[in-house]
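Asks: The structure follows.
The values are calculated or read from the model by the stated rules, or taken from the named source; none is laboratory data. A quick note: this is a predicted structure, and the numbers were derived from the prediction, not measured. Here the Cβ is made from the backbone with ideal geometry for all residues, glycine too, and neighbour counts use every protein chain on show. When the accessible area is computed, the model is the full protein with side chains, heavy atoms only, and any ligands, DNA or RNA have been set aside. Shrake-Rupley method; radii C 1.70, N 1.55, O 1.52, S 1.80 Å.
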Number of protein chains: 2
Amino acid sequence: MSTSVIPKSVNPDLQKERDGASFNSEEFAAWWAGGEEPLKFIRNVREYLYKDVDLNEMLQIQNMSHEDINEFSVRTSIDAAKKLRRLQEERNPGGEDYWPNLYDSREMWGLTPAGNPFGVMYVMVVKALQAQCTPEQYEDFGKRLERFEICGTYAQTELGHGTYLRGLETRADFDPKTDEFILNTPKISSYKFWPGGLGHASNYCLVMAQLYINNQSKGPHMFFVQVRDEETHEPMPGVHIGDIGKKMGFIGVNNGFLGMKDVRIPRTRMLMRHAKVNADGSYVSSPTNVLTYFAMVRTRCLIGRNSALILSAASTIAVRYSAVRRQSPINPKEPEPQIIDHVTQQLKLFPEIATSLAHRLASEYLWDMYEETLVDIGNGKYERLPELHSLSCALKVTSSMDSTAGIERLRLACGGHGYLTSSNLSNLYVFATAACTYEGENTVLLLQIGRFLMKSWNSALSGAPLAPTVSYLAEVQKNPEFGTWTGTWENMVKAMEYAAANKTRLAFKSLSNRLLRGESEGTAANHTGIELTQAAELHGRAFIFSSFTAEVTGPKSKNRSAAFNRVLENLLELYLVKETLNQLSNLLRFINLTDSDLTSLQDRLETVLTKLRPDAVAIVDGFDFNDQQLNSTLGAFDGNAYERIFDAALRNPMNQKSVPKSFHEHLKPFMKSNI
Amino acid sequence: MSTSVIPKSVNPDLQKERDGASFNSEEFAAWWAGGEEPLKFIRNVREYLYKDVDLNEMLQIQNMSHEDINEFSVRTSIDAAKKLRRLQEERNPGGEDYWPNLYDSREMWGLTPAGNPFGVMYVMVVKALQAQCTPEQYEDFGKRLERFEICGTYAQTELGHGTYLRGLETRADFDPKTDEFILNTPKISSYKFWPGGLGHASNYCLVMAQLYINNQSKGPHMFFVQVRDEETHEPMPGVHIGDIGKKMGFIGVNNGFLGMKDVRIPRTRMLMRHAKVNADGSYVSSPTNVLTYFAMVRTRCLIGRNSALILSAASTIAVRYSAVRRQSPINPKEPEPQIIDHVTQQLKLFPEIATSLAHRLASEYLWDMYEETLVDIGNGKYERLPELHSLSCALKVTSSMDSTAGIERLRLACGGHGYLTSSNLSNLYVFATAACTYEGENTVLLLQIGRFLMKSWNSALSGAPLAPTVSYLAEVQKNPEFGTWTGTWENMVKAMEYAAANKTRLAFKSLSNRLLRGESEGTAANHTGIELTQAAELHGRAFIFSSFTAEVTGPKSKNRSAAFNRVLENLLELYLVKETLNQLSNLLRFINLTDSDLTSLQDRLETVLTKLRPDAVAIVDGFDFNDQQLNSTLGAFDGNAYERIFDAALRNPMNQKSVPKSFHEHLKPFMKSNI
């Protein structure tokens, strides 16, 4: 099957959309990429990386067996690594612009559509080694990993334990006689389970284990353990290692399990920049856990950014498809319209575009705060850490939750064809939803945020100063009346903060009542869990309201054209209105909105959808994905959706012979059996 | 890998739950199955069907290639058919108790876990032939299909058309010279696309095509078309047929495409019980479209029932897993509790149990109404058809939407391990979500319900009588004040109806205003689309409120033990409270709830979760799934979740050799390249 039924031209319905937009999508693209220079850089890189990629092969990966998909992923991930290194040498030898900085970035998605088993290695392990190794250790094995002379992953989660670190069962006992640690996973539930790349794509592993000295627990520490032979790749003695089997997503990243029975490693393979075990068995505890803590903040900022990106990719696919599919006349005897002209369809599409922006901007705001705090920490100031931790959790939760739900709405908006794996929407979905669970399960994080809000509320009651992003709690305590709903953007931000503050107040009241009734702190917190998570969610939403509004209405708007600012204003308007309507029950409980206020919100929703209609395609063009990154028969730039769906179907392996084996072996004998 | 790490005993945490329940789960099981006799029958059948099923094989299917999965499905579906026929012969020769009635039923799920490519044949095609064939036609080919001498599917959807039947492009031109129809799919967009079993598991096909006589369109009609040779299974001349490739779910059902180029069939292969084409080319149109219409009602009732079942299966898995997983102490230094003791976890689990019941009971209420209407139709009375159509759409939409969202919540409640395909939760999810799109896309159906509500509202305004299930609209017109919120169950049902009626009123007002402003009916309806769908959704919810309350509080409660009634009352309480909270913004807009009313709802929610806690495992046991039907490492009856996860991982094909090919071919050379 080498000929293709796909036309070389752009679908006229899509071209018409592009010609009719009110603004220049290139201005959007530059803004979204962080400036014209970054956009140029990225496009250059992509041109180099993608010139020989066969989209036809990429569209077929879901048809392969689990084993073949994993082989495919190793191959494509190594190919991608080679390309990036070559680029590095050509353009910036000795630098880091390309390799490894771009490895496992969004720019690589289309090269490794079944995932990158070496992603964890660069996103987490190298970073952890840099932070936790002594200089000697980093020289000894950190650099080898950085140079990809060895490969490894980060193993913390066990079959029986995930979120609750102190419950981990893997243990590392110090043996002073041999100056070694002895690692063991004593039960099935103690097996390391889930690390990406662990299955068959690692020969080393950064293992989180309970340190024991003289059978005394010193809590969880990190150990660098060799799990496979460097030459043969056979498991090391005492190591039981393998792949955990198919998952919803990340289908080629080789998530693995690891059991250890008396696995011995030199004492110097415990990461000892902070805590230490000396040869005589004496233990020096870490002076601070700030850095570990801080690494999580960084990862959660990245999750927010990533969730926004995945949602913007799904939006691109669904919007383009909605512009080329025609269905169901609006008036009898009229031709069938582009489905993007149905208002109910617009309600499925455009809010997700707005949400992509909202989460992306909140992530950037948080990233700035992260960098400021980094400087503070350097100066020994740790005050903003709890706030930053809490806010990064809130953004992680909201962005993973909303992007997951949004992608699913977009997938459903594509009807039956959205259900094809070749639409890639299901793959984006399973990619996004995983973030609801990893790096802190969302409900657990919401409860942590809830506790932070309780503390902040209590501080405010006693007149203590609050961190800037929770200062609204004190304001609401001082002025318990919301005042008048005016429906301006500023007023809507204030309303969401007001709702968050009042939910916090109610949760605080419930919690206090339970404590007064004699419940322990833990029990009372558990019983107040529902209200705590609700307050926490609203806190996150209030933050996103505020950062999106600040970006659009703030001083940066002066750097943008009037036409582009109008588009951003429409997206902000849509975001604030739809989220206000989503959270209406929380608002109505505390704020008096009249029937005409509510009618006006409904009108605003319908009005802004109409305003966005002519610009929808140009906006998603501005997200600037290439066809390989989208990897979708529905969402290609040329809009030839039906031909691409059909072409991908024809190429699927089942169609390479006309009659399957099962006809002769099972179906025909049964039909002829005449029972 | 033949030894197993799975203990033979039940996990003590699960056994403790069973011992501590307040009621007998066998009473639940009999009630859920429709009585003790049906329960006994089903268990008997299952014992026979499942005795030789290898659960280990079933847990590995997602690791196979698309091609192998499809071979597996044909094999297992034929095996299942053989078993059922044998059972028929042994126990009730000549009857229909077993074959084909049970084929493709819930009881077979565990036998064909990748789906049944012959499902559509029995669920739809045989039924359609019975309804639409002349007796001669049914004798000629209908019976052959019924006896499985041939196999076939139903082909309506095209690449370019789904919901909008009149837009179908496949045409059947009558040729009076040869007394044949000539079938053509003139464009790529006209290809039939999606029918289950069409790919490689059908030799006949019931094709929906536009009938043309002398190039004049007579609208869509059904044609019985041979697509493959009965002996060789090769495609017939002019037939282009194949598999559409991998989808999110139904991974083994062989969904296919069909292109036709001048395919000729005898005139007698158009289904002619109602409309007719005579040999001279004269056309007799169908006297009524009631039956076609009515068949859809039946299918939608079945979807409601099925969605409830899938949700109950997912609930079973998640509840059992939550009883055996222990994580995160509630109070410091306490042991880690079963996660089902965390209140936030209860909020994820128990509402879905309640929703399963609510949807199941609504489906049964609707089914009774369907059967009454069937009698009415026999007597020439068609009055209740629009109501029944609208209500069946509402239930289809609500049950598919809620069960999809519910399964996903349950999956997330299982944390990382829920993401494993061996949990089977992802498979249940993709099975459930497909129902949001097929048999009428949900938004399209909501718009149809919305139009029915507009008509009903208008009738009520003019004093015309309304159908029983919309009579509340007239009552609200007569008594526009809700009165006092008391929070009793009856009051909550009334409140949901009141909200639905008021949303209907607002939509009617918006629609009327648009018509007054000169918009056409179609345009006005499109612009009012959002409000119409909102009103429609509430209408469905009000119906479910009412049917669930009627079952629990009505006369049937006398046939149940007091202990069991208490459980049902708790589930009703939970359902009404959580849905009221979910719809609070709609209620608060029209009904005055004080702050203490709202606090009381929150208290009721927390209270009923606590009440249900000791009975949760016994309730899901009452759903009476066997392990093969659940096909889940997390949800087995014995609760040995970790061992089952681990065992399934060990058996996955990637672990049958210690070093994969890609190490030698790609990974090692790169690591050694030292670039």
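Asks: Determine, yes or no, whether A:Y283 is over 30 Å from A:D104 (Cα atoms), in the same structural domain as A:Y164 (by TED's automatic domain parsing) and touching a residue at least 40 places away in the same chain (Cβ under 8 Å).
Replies: Numbers: over 30 Å from A:D104 (Cα atoms): yes; in the same structural domain as A:Y164 (by TED's automatic domain parsing): yes; touching a residue at least 40 places away in the same chain (Cβ under 8 Å): yes.
It is true that A:Y283 is over 30 Å from A:D104 (Cα atoms), in the same structural domain as A:Y164 (by TED's automatic domain parsing) and touching a residue at least 40 places away in the same chain (Cβ under 8 Å).
Asks: On the basis of being closer than 30 Å to B:G249 by Cβ, assigned to a strand (DSSP E or B) and open to solvent by less than 10 Å² (accessible area, probe 1.4 Å), does A:G252 make the cut?
Replies: Numbers: closer than 30 Å to B:G249 by Cβ: yes; assigned to a strand (DSSP E or B): no; open to solvent by less than 10 Å² (accessible area, probe 1.4 Å): yes.
Spelling it out, it is not the case that A:G252 is closer than 30 Å to B:G249 by Cβ, assigned to a strand (DSSP E or B) and open to solvent by less than 10 Å² (accessible area, probe 1.4 Å).
Asks: Got a sec? Which of A:M222, A:M248, A:M236 is at the interface with another protein chain (Cβ under 9 Å from one of its Cβ atoms) and of a type in the set (A, V, I, L, M)? Talk me through it step by step, then tell me what you get.
Replies: Working: A:M222 fails: at the interface with another protein chain (Cβ under 9 Å from one of its Cβ atoms); A:M236 fails: at the interface with another protein chain (Cβ under 9 Å from one of its Cβ atoms).
Result of the check over A:M222, A:M248, A:M236: A:M248.
Asks: Follow-up. Would you be able to tell me the number of residues in region A:297-341 that are more than 14 Å from chain B (Cβ to nearest Cβ) and either hydroxyl-bearing (S, T, Y) or open to solvent by 30 Å² or more (accessible area, probe 1.4 Å) (or both)?
Replies: Result for region A:297-341: 9.
Asks: Can I ask one more? Which condition breaks for B:N592 when tested against (1) assigned to a helix (DSSP H, G or I); (2) within 12 Å of another protein chain (Cβ to nearest Cβ); (3) open to solvent by 20 Å² or more (accessible area, probe 1.4 Å); (4) touching a residue at least 40 places away in the same chain (Cβ under 8 Å)?
Replies: (1) is the only condition that B:N592 fails.
Asks: Right, next: Restricting attention to region B:25-45, does a residue exist that is closer than 27 Å to B:H200 by Cβ and among the basic types (K, R)?
Replies: Going residue by residue through region B:25-45, those that are closer than 27 Å to B:H200 by Cβ are none.
There is no residue in region B:25-45 that is closer than 27 Å to B:H200 by Cβ and among the basic types (K, R).
Asks: Quickly run through region B:639-650 and pick out the residues that are more than 8 Å from chain A (Cβ to nearest Cβ) and either β-branched (V, I, T) or in a helix (DSSP H, G or I) (or both). Walk me through how you get there before you give the answer.
Replies: Step one: list which residues in region B:639-650 are more than 8 Å from chain A (Cβ to nearest Cβ), which gives B:639-641, B:644, B:647.
Across region B:639-650, the qualifying residues are B:A641, B:R644, B:D647.
Asks: May I ask you to list the residues in region B:563-583 that are of a type in the set (A, V, I, L, M) and crowded, with 20+ Cβ neighbours inside 10 Å?
Replies: Hits for region B:563-583 are B:V567, B:L568, B:L571, B:L572, B:L574, B:L576, B:V577.
Each row is one residue, and each column tells you yes or no for (1) open to solvent by 40 Å² or more (accessible area, probe 1.4 Å); (2) more than 19 Å from B:A460 (Cβ to Cβ).
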residue: B:Q477; (1), (2): yes, no
residue: B:E481; (1), (2): yes, no
residue: B:T484; (1), (2): yes, yes
residue: B:N491; (1), (2): no, yes
residue: B:A499; (1), (2): no, no
residue: B:N502; (1), (2): no, no
residue: B:R505; (1), (2): yes, no
residue: B:L515; (1), (2): yes, no
residue: B:G518; (1), (2): yes, yes
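Asks: Can you tell which of A:R300, A:R264, A:R273 is basic (K, R) and assigned to a strand (DSSP E or B)?
Replies: Answer to the check: A:R264.
Asks: So in region B:403-413, with the set limited to residues that are among the hydrophobic types (A, V, I, L, M, F, W, C) and more than 9 Å from every other protein chain (Cβ to nearest Cβ), which one is farthest from B:H539 (Cα to Cα)? First the steps, then the outcome.
Replies: Going through region B:403-413, the residues among the hydrophobic types (A, V, I, L, M, F, W, C) turn out to be B:405, B:407, B:410, B:412-413.
After this cut, where a residue has to be more than 9 Å from every other protein chain (Cβ to nearest Cβ) as well, the list is B:407, B:410.
Numbers: B:I407: 23, B:L410: 26 Å.
By that ranking, first place goes to B:L410.
Asks: Still on this structure, I have one more. (1) open to solvent by 10 Å² or more (accessible area, probe 1.4 Å); (2) closer than 28 Å to B:C414 by Cα: which one isn't true of A:L159, the others all being true?
Replies: Checking A:L159 against (1) open to solvent by 10 Å² or more (accessible area, probe 1.4 Å); (2) closer than 28 Å to B:C414 by Cα, the one that fails is (1).
Asks: With the requirement that a residue be within 16 Å of B:H417 (Cβ to Cβ) and either aromatic (F, W, Y) or in contact with a Lys or Arg (Cβ under 9 Å, 6 or more places away or on another chain) (or both), what does region A:186-197 give you?
Replies: If the condition is that a residue be within 16 Å of B:H417 (Cβ to Cβ) and either aromatic (F, W, Y) or in contact with a Lys or Arg (Cβ under 9 Å, 6 or more places away or on another chain) (or both), then A:S190, A:Y191, A:F193, A:W194 are the ones that fit.
Asks: Right, here's the next one. I'm trying to understand the selection: among the residues of region B:123-162, which are in a helix (DSSP H, G or I) and charged (D, E, K, R)? Quick ask: steps written out before the conclusion?
Replies: We begin by selecting, within region B:123-162, every residue in a helix (DSSP H, G or I); these are B:123-132, B:135-146.
Those that are in a helix (DSSP H, G or I) and charged (D, E, K, R): B:K127, B:E136, B:E139, B:D140, B:K143, B:R144, B:E146.
Asks: In addition: Would you mention how many residues in region A:324-346 are of a type in the set (G, A, S) and modelled with pLDDT of 95 or more?
Replies: 0
Asks: Can I ask one more? If you scan region A:432-474, which residues turn out to be more than 19 Å from A:E537 (Cβ to Cβ) and either crowded, with 22+ Cβ neighbours inside 10 Å or in contact (Cβ under 8 Å) with a residue 12 or more places away in the chain (or both)?
Replies: If the condition is that a residue be more than 19 Å from A:E537 (Cβ to Cβ) and either crowded, with 22+ Cβ neighbours inside 10 Å or in contact (Cβ under 8 Å) with a residue 12 or more places away in the chain (or both), then A:A434, A:N458, A:A460, A:L461, A:P468, A:A474 are the ones that fit.
Asks: Further question: Looking at the structure I just gave you, is B:I619 open to solvent by less than 30 Å² (accessible area, probe 1.4 Å), assigned to a helix (DSSP H, G or I), in contact (Cβ under 8 Å) with a residue 40 or more places away in the chain and touching a strand residue (DSSP E or B) at 6+ places or on another chain (Cβ under 7 Å)? Even if it seems obvious, please write down each step before you answer.
Replies: On the way: open to solvent by less than 30 Å² (accessible area, probe 1.4 Å): yes; assigned to a helix (DSSP H, G or I): yes; in contact (Cβ under 8 Å) with a residue 40 or more places away in the chain: yes; touching a strand residue (DSSP E or B) at 6+ places or on another chain (Cβ under 7 Å): no.
Answer is no for this residue.
Asks: Restricting attention to region A:26-42, does a residue exist that is under 26 Å from the mean Cα position of the chain (by Cα), aromatic (F, W, Y) and under 30 Å from B:M64 (Cα atoms)?
Replies: no
Asks: Between residues in region B:331-359 that are over 29 Å from A:R166 (Cα atoms) and residues that are open to solvent by 10 Å² or more (accessible area, probe 1.4 Å), which pairs lie under 6 Å by C-beta distance while being six or more apart or on different chains?
Replies: Close Cβ pairs (under 6 Å, with a partner that is open to solvent by 10 Å² or more (accessible area, probe 1.4 Å)) amount to B:P351/B:K578; B:T355/B:D402.
Asks: Continuing with the same structure: Only one of these conditions is not met by A:L598: (1) under 30 Å from A:E490 (Cβ atoms); (2) more than 9 Å from chain B (Cβ to nearest Cβ). Which number is it?
Replies: Among (1) under 30 Å from A:E490 (Cβ atoms); (2) more than 9 Å from chain B (Cβ to nearest Cβ), the lone unmet condition for A:L598 is (2).
Asks: In addition: Any idea which of B:Y429, B:Y438 is assigned to a loop (DSSP other than H, G, I, E, B), of a type outside the set (V, I, T) and facing chain A (nearest Cβ under 9 Å)?
Replies: Only one candidate passes the filter, namely B:Y438.
Asks: Sticking with this structure for a sec: Could you tell me how many of the residues in region A:163-184 are farther than 16 Å from A:S217 by Cβ, within 14 Å of another protein chain (Cβ to nearest Cβ) and touching a strand residue (DSSP E or B) at 6+ places or on another chain (Cβ under 9 Å)?
Replies: So the answer is 0.
Asks: Could you please find all residues in region B:651-667 being among the basic types (K, R), in a helix (DSSP H, G or I) and more than 7 Å from chain A (Cβ to nearest Cβ)?
Replies: We begin by selecting, within region B:651-667, every residue among the basic types (K, R); these are B:651, B:657, B:661.
Among the residues that remain, those that are also in a helix (DSSP H, G or I) are: B:651, B:661.
Once the filter is applied, which keeps residues that are among the basic types (K, R), in a helix (DSSP H, G or I) and more than 7 Å from chain A (Cβ to nearest Cβ), region B:651-667 yields only B:R651.
Asks: Also, quick follow-up: Scanning region A:74-88 for residues that are among the charged types (D, E, K, R) and facing chain B (nearest Cβ under 9 Å), which turns out most open to solvent (accessible area, probe 1.4 Å)? If you could, list the steps in order and put the result at the bottom.
Replies: Restricting attention to region A:74-88, the residues satisfying the condition of being among the charged types (D, E, K, R) are A:75, A:79, A:82-83, A:85-86.
Filter once more, so that each one left must be facing chain B (nearest Cβ under 9 Å): A:75, A:79, A:82, A:85-86.
Numbers: A:R75: 74, A:D79: 60, A:K82: 79, A:R85: 15, A:R86: 117 Å².
Applying the filter and picking the extreme gives A:R86.
Asks: Go through region A:77-122 residue by residue and tally those that are in a helix (DSSP H, G or I) and under 28 Å from A:S422 (Cα atoms).
Replies: Of the residues in that region, 16 qualify.
Asks: Related question: Taking region B:624-661 on its own, how many of its residues are surrounded by 22 or more Cβ atoms within 10 Å (Cβ to Cβ) and farther than 24 Å from A:S190 by Cβ?
Replies: Matching residues across region B:624-661 total 4.
Asks: For residues that are crowded, with 18+ Cβ neighbours inside 10 Å, without any contact (Cβ under 8 Å) to a residue 12 or more places away in the chain and in a loop (DSSP other than H, G, I, E, B), tally how many sit in region A:22-73.
Replies: Count: 2.
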